[in-house]
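The values are calculated or read from the model by the stated rules, or taken from the named source; none is laboratory data. The shown structure was predicted, so the numbers you read here are calculated from the model rather than taken from an experiment. Using ideal geometry, Cβ is built from the backbone for each residue, glycine included, and neighbour counts are taken over all protein chains shown. With ligands, DNA and RNA removed, areas are computed over all heavy atoms of the protein, side chains included. Shrake-Rupley method; radii C 1.70, N 1.55, O 1.52, S 1.80 Å.
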Amino acid sequence: MFKKERFSRMDTFPLCSLCQEQFTLKGPVPYLLPCLHAVCETCVTSAAGGVISCSTCERKVNLTDTSLQKDAVREKEIFHLTVKHRPTVLLCTHEDDGNQAVCWCQDCEEFLCEYCQNTHNSFKATKKHGVHTLAEIEPSKIDGHPFCSIHKYYPLDRFDRDCKILICDRCRREDHVYHDVEDVTVVADASKQQIEHHEQAMSLLQTRQQSQIERIGKDIEVTEGTCTTLKKTIRQTFHSLRAQLDEKEKECLGDVAGRTKQIKNNLQDLQSRFNDNQTRGSGASEYIKKTLKYASKIDMLTLDKVLGDETQNCIDSVPPNYETPILALNMEKLDDLKAKISSIDSISKLGPASEDGTVRGQAVPDDAKGNKDKREIACLQSDVQQDPNCTGIMETAVSGTAPVTYHLLETTALDKAPIILQCIHLKYDSGAFNLDYVNVNSEGELVNRRPDTRLSRQGRLKTYCGTCSTSPLPRTGYPQYWEMIARLRLNSTLRGTRSVLETGICRRDVLDRIELVGGQNHSYSLTVSQCPTHGGICRNLWKKRKHVLHLPVTLVNMEQYNTLHYGVVYDDARKKIAFVDVKENKLMVALDNVDSSQPLWPMFGVYNQDDVIVSMSLVVGRDIDMTQEKKLMITRALQAQQPHTP
């Protein structure tokens, strides 16, 4: 029993994906492959031709094109497992006197024997260090506090986004004074949030694939059962036709057996593909969990991209949904067999059949409109039901909230499943709008007029001339869509670049810096304003700090009310945002590389109460008129490979 327990503990240590040797605390350093498996330093340095072939997933890595980083997560895992299962191999590293270690100093990153521990605790400089006994060491206590190599005793607590390195406070004031520097905790927390998002995506992927694997297994059983039933039916039919039908009976039996073998081979091949992807995803998912358990803030920064790439690779490699094959026998031909023995077609095409596997008449084509609609609805139901953020089908809502409406968008690629579009429900935050410039009236419209009644100023915007939604955009993995309708009338001629209205998305920390969000970092917006170039009203599209595009607005009569109708498409999975002109049925712009590392808030502004009257209302959820033209426009925006401008 002791040997069994000892073997189990040894087996918990990770292995090199090439030589299959266990990693040890003082052995060859593990390096991280793009597939998230580990390879030891010995195998890296001795790789033939500079190419490593991972024996776990059989993916090849060319070391001349790919720079491997040390696997900090597995190093900490090995450290923790050694402390937990092999404490007797740990010797004091403070004096290298060969004594058995009894504790670990987190600040010095050293093992201490009992004598060195007493000495360590007696010195003023080290007595406040984080010292833990071996039994107390947990993953969170493994990390030390790295100090600057230039300025000794200054901790590396800043991250320079321009140089992509960690720096200390003194570096910040000297060589990096004009760089984009942020607290390392803030940057690491953002990376951790992204890695947690990868974990959620992998968990959802694993659930979906497991469902498909189980479904394929059941289909194989059903196909075998149907095959048995059909063989029995064929034997009974041909027995009644006596000897002259023996040859046809054998032919039909062969058809059933051949079609059964074909279906089973296809299903087993598809099942094998799902199993392979499940195994690959399990490895990636396990490593992501280890990362969240063992990785330091610095590790989070270096692992964010490679984990994101592998997560996306796992998602992209999932086989497409398939149609359940049905084995069916054409009974109409068998009934007429005596008269038309030579024209019988024993096995029907894949299509509808009765419970016993037989059909009467011709099989319905797969591309018939009725079946297509059923397949679309089934696809929508399957994806929506497996979405952890939803509770129903077509229209869903958490208790107490308005429903989310779903629409299917046909893609241009034949091998791609339809895109599920969410028409989410947004509301103006009536407790946040700027009391000095705007108001939300009784009809729920945002107007560029001050409220008539006195309201509390606590928690409200103080600079931005508008408001935001009651909550940030949810991260559902599906494209989201909403619209706004604005009615405006000019009281006098606008001068300069006076603004009329604005809508888009931004981070909450930039929302209340100035009157307009457009032109600020972490923002993506549409601003309608006076344009000196065109001598009229123009639509200005902004991406972060960059002015992307401006388009003239056609107004009928400036002294009467004019209506503007715009839509916003946001896809956190594709990192895209697009703005459409609903009245003109026109895609204005589609922007890539949207930074969604932090929550993004829909925002709405109305301006210039002296010269113009503006009222803006939201069109959301089931109230959106989702025409076929609008679907095509949204699909084009989502599938654009580069930023699209007309």
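Numbers at a glance
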read-out: Residue in region 300-315 that is more than 27 Å from R574 (Cβ to Cβ) and among the acidic types (D, E) present; value: no
read-out: Extreme residue, nearest to V606 (Cα to Cα), among residues of region 526-540 that are small (G, A, S) and surrounded by 12 or more Cβ atoms within 10 Å (Cβ to Cβ); value: S529
read-out: Qualifying residues in region 137-172 (those that are at pLDDT 80 or above and part of a helix (DSSP H, G or I)) - the one surrounded by the most Cβ atoms within 10 Å (Cβ to Cβ); value: C171
read-out: Given (1) open to solvent by less than 90 Å² (accessible area, probe 1.4 Å); (2) more than 23 Å from T302 (Cα to Cα); (3) not in a strand (DSSP E or B), number of the condition C43 does not satisfy; value: (2)
read-out: First in region 509-537 and under 27 Å from D572 (Cα atoms) and of a type in the set (D, E), second anywhere and modelled with pLDDT of 90 or more and open to solvent by less than 20 Å² (accessible area, probe 1.4 Å), Cβ under 7 Å, 6 or more apart; value: D512/L461; D512/Y464; E515/Y464; E515/C465
read-out: Residue ranges of strands (runs of 3 or more DSSP E) in region 59-113 with at least 1 members in contact with a strand residue (DSSP E or B) (Cβ under 6 Å, 6 or more places away or on another chain), open to solvent by less than 50 Å² (accessible area, probe 1.4 Å) and closer than 20 Å to A135 by Cα; value: 103-105, 110-112
read-out: K289 vs. criteria modelled with pLDDT of 85 or more, out of contact with any Lys or Arg (no Cβ under 8 Å at 6 or more places or on another chain) and open to solvent by 70 Å² or more (accessible area, probe 1.4 Å); value: yes
read-out: Odd one out for L461, checked against (1) within 31 Å of the chain's Cα centre (by Cα); (2) part of a loop (DSSP other than H, G, I, E, B); value: (1)
read-out: Residue list for region 606-635, restricted to those being among the β-branched types (V, I, T) and out of contact with any strand residue (DSSP E or B) (no Cβ under 6 Å at 6 or more places or on another chain); value: T627
read-out: Meets criteria (open to solvent by less than 80 Å² (accessible area, probe 1.4 Å) and either outside any loop (DSSP other than H, G, I, E, B) or farther than 23 Å from V619 by Cβ (or both)) for D452; value: no
read-out: Residue ranges of strands (runs of 3 or more DSSP E) in region 541-588 with at least 2 members touching a residue at least 12 places away in the same chain (Cβ under 8 Å) and either basic (K, R) or open to solvent by less than 20 Å² (accessible area, probe 1.4 Å) (or both); value: 562-571, 576-581
read-out: Failed item, numbered, when S296 is tested on (1) surrounded by fewer than 16 Cβ atoms within 10 Å (Cβ to Cβ); (2) of a type in the set (S, T, Y); (3) in contact (Cβ under 8 Å) with a residue 24 or more places away in the chain; value: (1)
read-out: Among (1) surrounded by fewer than 18 Cβ atoms within 10 Å (Cβ to Cβ); (2) part of a loop (DSSP other than H, G, I, E, B) - the single one D509 does not satisfy; value: (2)
read-out: Selection count, region 269-315, where residues are assigned to a helix (DSSP H, G or I) and either polar (S, T, N, Q) or more than 16 Å from H197 (Cα to Cα) (or both); value: 24
read-out: Counted residues, region 170-214 - those being more than 19 Å from the chain's Cα centre (by Cα), touching a residue at least 60 places away in the same chain (Cβ under 8 Å) and under 23 Å from S317 (Cα atoms); value: 3
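For every residue, the table says whether it meets (1) open to solvent by less than 20 Å² (accessible area, probe 1.4 Å); (2) assigned to a strand (DSSP E or B); (3) under 15 Å from A578 (Cα atoms).
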{"position": "N593", "(1), (2), (3)": "no, no, yes"}
{"position": "P599", "(1), (2), (3)": "no, no, no"}
{"position": "P602", "(1), (2), (3)": "yes, yes, yes"}
{"position": "G605", "(1), (2), (3)": "yes, yes, no"}
{"position": "V614", "(1), (2), (3)": "yes, yes, no"}
{"position": "D625", "(1), (2), (3)": "no, no, no"}
{"position": "K630", "(1), (2), (3)": "yes, no, yes"}
{"position": "I634", "(1), (2), (3)": "yes, no, yes"}
{"position": "A637", "(1), (2), (3)": "yes, no, yes"}
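Every residue, every condition in (1) at pLDDT 85 or above; (2) open to solvent by less than 50 Å² (accessible area, probe 1.4 Å), yes or no:
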| residue | (1), (2) |
| --- | --- |
| V306 | yes, yes |
| K333 | no, no |
| K338 | no, no |
| I344 | no, yes |
